C-alpha cells in the first residue's frame, strides 16, 4: 500500500476462510475470520470507524415495507431495461478492475501468511528477512510490478 492512498475496507474469501483488508492512511491491516458473517460485521464496524460508506441498502426490505423501488411514472419495462444496462456496465467494470484487484489481494495475503510462518520458525525475529523470503516464494501476479 502507498502513503496517501484512500482508506478502504474489503472482505473476501481466502484460504478456506474470510479476510478483511483494511487500508488506513496507506497502511494495510489484515484480519482473518473462519466464517463470512463475523468478517462482514467487523468490516462494517471498520467502515463506520473510518467514515466510509456502508454496504448498499437491502432492496428486499424496502419492498416489504411498501416503499417504491423506482421513481413514480417509470414503467416496469423501462425500469427493467435501465437495470439491465446498469448490471452490464457493472459486470464489465468488475471484470476489468476486479480481476486485477483479486490477484493483488491474493498476492498480499500470500506474502503476509508466508512471512508469518517464516517468522514463527526464526530464533531471532527478523520481519524484513521473512518478507524477503516470502517474496521469493509467492508468485506475484502480472499486474504487480
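Residue-by-condition table, conditions (1) more than 30 Å from residue 113 (Cβ to Cβ); (2) out of contact with any helix residue (DSSP H, G or I) (no Cβ under 8 Å at 6 or more places or on another chain); (3) surrounded by 13 or more Cβ atoms within 10 Å (Cβ to Cβ); (4) modelled with pLDDT of 70 or more:
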| position | (1), (2), (3), (4) |
| --- | --- |
| 9 | no, no, yes, yes |
| 13 | no, no, no, yes |
| 21 | no, no, yes, yes |
| 46 | no, yes, yes, yes |
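Could you check, for the stretch 120-130, whether at least one of its residues is closer than 29 Å to residue 27 by Cα, at pLDDT 85 or above and touching a helix residue (DSSP H, G or I) at 6+ places or on another chain (Cβ under 6 Å)? Yes, the stretch 120-130 has at least one match. Quick test for you: out of 111, 52, 84, pick the one residue that is more than 21 Å from residue 135 (Cα to Cα) and at pLDDT 80 or above. None of the other options fit; the residue is 52.
Of all the listed residues (70, 91), the sole one being modelled with pLDDT under 60 and over 20 Å from residue 17 (Cβ atoms) is 70.
Would it be correct to say that residue 99 is closer than 30 Å to residue 142 by Cβ and at pLDDT below 90? Quick ask: steps written out before the conclusion?
Details: closer than 30 Å to residue 142 by Cβ: yes; at pLDDT below 90: yes.
Taking the combined requirement at face value, the residue satisfies it.
The values are calculated or read from the model by the stated rules, or taken from the named source; none is laboratory data. Because the structure is a prediction, the values reported are computed rather than measured. Virtual Cβ from ideal backbone geometry, glycine too; neighbours counted across all protein chains shown.
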